[in-house]
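Novice: Just dropping this structure here.
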Amino acid sequence: MNIYLGSFIKLNKQEKKAMLRDLPRVKRGKLATISYTYGGPGTGSKYEIQKLSLSGSYMWEFKTRHRLALFAKTQQAYKAPFSNLIESSDMLFGLGIYDREQRGKRGYSFGSSFTYFIMRKKAGLLSLMPFYEQAFVNSADNHYSSHSGIGAILTYQFLHIYLPINLNYTYNLSDSSHHIGFRIGGHF
């Protein structure tokens, strides 16, 4: 079971009204991120660390506030010792719950989610988000291992404080295991 505690943030009356109102048109959003990590003898590390990562996402928010998101990520580690290899859980997008992972020097992943608002009232928002995420990480023999899952997240968010409460179900496609988790806080 995973439990996270988020922060309390007050919302004013205008923000509440805006969250309950339908949008005039479909909104689109995109995000691309490039990151490079370096560590070596000059930085206090005992060994050299180099990682390059590229990720991107595209999202549609429909008039009724339902959201469809697509995302992808790729990462490469250079001269990485075992303790700093790319982990398949890092290649995923934080939606599912997994108890096993693979490590390798390079990997890529993709996924999608759809957020459906079951209820939008002045007391709060109730949503269901089915998701799919898939990661591939290469092993020592240059063979790619899969790490993937499908599932759904049921979330209730109080409108007067930012404190989403999530119930998460994940079916791990790699080893056919089932995971259920409870989370307080996080993104919504």
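The values are calculated or read from the model by the stated rules, or taken from the named source; none is laboratory data. Just so you know, these numbers come straight off a predicted model, no measurement behind them. Quick reminder, even Gly has a Cβ in these numbers, built from the backbone with ideal geometry, and neighbours come from all protein chains shown.
Novice: Over 24 Å from SER35 (Cβ atoms) and of a type in the set (Asp, Glu), is that true of ASP99? Reasoning before the result, please.
Specialist: Working: over 24 Å from SER35 (Cβ atoms): yes; of a type in the set (Asp, Glu): yes.
The answer is yes for ASP99.
Novice: How many residues are closer than 14 Å to LEU70 by Cα and not hydroxyl-bearing (Ser, Thr, Tyr) when one looks only at region 119-134?
Specialist: Looking only at region 119-134, we keep the residues that are closer than 14 Å to LEU70 by Cα, and these are 129-134.
Next cut, not hydroxyl-bearing (Ser, Thr, Tyr) only: 129-131, 133-134.
Selection size over region 119-134: 5.
Novice: Considering region 71-105 alone, what residues qualify as being in a strand (DSSP E or B), more than 16 Å from the chain's Cα centre (by Cα) and within 10 Å of LYS51 (Cβ to Cβ)? Show your work before the answer.
Specialist: The initial filter retains those residues of region 71-105 that are in a strand (DSSP E or B), namely 71-78, 86-87, 103-104.
Next, only the ones that are more than 16 Å from the chain's Cα centre (by Cα) stay: 76-78, 86, 103-104.
The answer is GLN76, ALA77, TYR78, ILE86.
Novice: Among residues belonging to region 18-38 that are modelled with pLDDT of 75 or more and farther than 26 Å from GLY111 by Cα, point out the one that is surrounded by the fewest Cβ atoms within 10 Å (Cβ to Cβ). First the steps, then the outcome.
Specialist: To start, the set of residues in region 18-38 that are modelled with pLDDT of 75 or more comprises 21-38.
From what is left, the residues that are farther than 26 Å from GLY111 by Cα are 21-22, 24, 38.
Details: ARG21: 10, ASP22: 9, PRO24: 7, TYR38: 13.
Result: PRO24.
Novice: Of the residues that sit in region 168-188 and are touching a Gly at 6+ places or on another chain (Cβ under 9 Å) and among the hydrophobic types (A, V, I, L, M, F, W, C), which one is modelled with the lowest pLDDT?
Specialist: Going through the qualifying residues, I end up with ILE184.
Novice: Quick one: count up the residues across region 125-148 that are surrounded by fewer than 19 Cβ atoms within 10 Å (Cβ to Cβ) and either touching a Leu at 6+ places or on another chain (Cβ under 6 Å) or not polar (S, T, N, Q) (or both).
Specialist: Final tally of qualifying residues: 8.
Novice: Kindly check whether there is at least one residue in region 44-64 that is in contact (Cβ under 8 Å) with a residue 40 or more places away in the chain and either on the phi < 0 side of the Ramachandran plot or not aromatic (Phe, Trp, Tyr) (or both).
Specialist: To start, the set of residues in region 44-64 that are in contact (Cβ under 8 Å) with a residue 40 or more places away in the chain comprises 63-64.
Okay, now just the ones that are also either on the phi < 0 side of the Ramachandran plot or not aromatic (Phe, Trp, Tyr) (or both), so 63-64.
Within region 44-64, one or more residues are in contact (Cβ under 8 Å) with a residue 40 or more places away in the chain and either on the phi < 0 side of the Ramachandran plot or not aromatic (Phe, Trp, Tyr) (or both).
Novice: Within region 84-107, is even one residue more than 29 Å from ILE180 (Cβ to Cβ) and at pLDDT 85 or above?
Specialist: yes
Novice: When you scan region 46-65, do you find a residue that is assigned to a loop (DSSP other than H, G, I, E, B), surrounded by 18 or more Cβ atoms within 10 Å (Cβ to Cβ) and in contact with a strand residue (DSSP E or B) (Cβ under 7 Å, 6 or more places away or on another chain), even just one? So that I can check it myself, show each step before the final result.
Specialist: Step one: filter region 46-65 for residues assigned to a loop (DSSP other than H, G, I, E, B), giving 46-48, 62-65.
Then keep just the ones that are surrounded by 18 or more Cβ atoms within 10 Å (Cβ to Cβ); that gives 65.
Still in the list and also in contact with a strand residue (DSSP E or B) (Cβ under 7 Å, 6 or more places away or on another chain): 65.
Within region 46-65 (the criterion being assigned to a loop (DSSP other than H, G, I, E, B), surrounded by 18 or more Cβ atoms within 10 Å (Cβ to Cβ) and in contact with a strand residue (DSSP E or B) (Cβ under 7 Å, 6 or more places away or on another chain)), the answer is yes, since at least one residue qualifies.
Novice: Then there's this: Can you name the residue in region 140-167 that is within 30 Å of LYS105 (Cα to Cα) and not small (Gly, Ala, Ser) and, of all such residues, is modelled with the highest pLDDT?
Specialist: It comes out as ILE150.
Novice: Same structure, new question: Out of curiosity, is THR170 under 11 Å from ILE97 (Cα atoms), under 17 Å from the mean Cα position of the chain (by Cα) and buried (at least 17 other Cβ atoms within 10 Å of the Cβ)? Walk me through it before giving the result.
Specialist: Details: under 11 Å from ILE97 (Cα atoms): yes; under 17 Å from the mean Cα position of the chain (by Cα): yes; buried (at least 17 other Cβ atoms within 10 Å of the Cβ): yes.
The answer is yes for THR170.
Novice: State all residues of region 74-83 that are touching a Gly at 6+ places or on another chain (Cβ under 8 Å) and surrounded by fewer than 19 Cβ atoms within 10 Å (Cβ to Cβ); if no residue qualifies, say none.
Specialist: Across region 74-83, the qualifying residue is only THR74.
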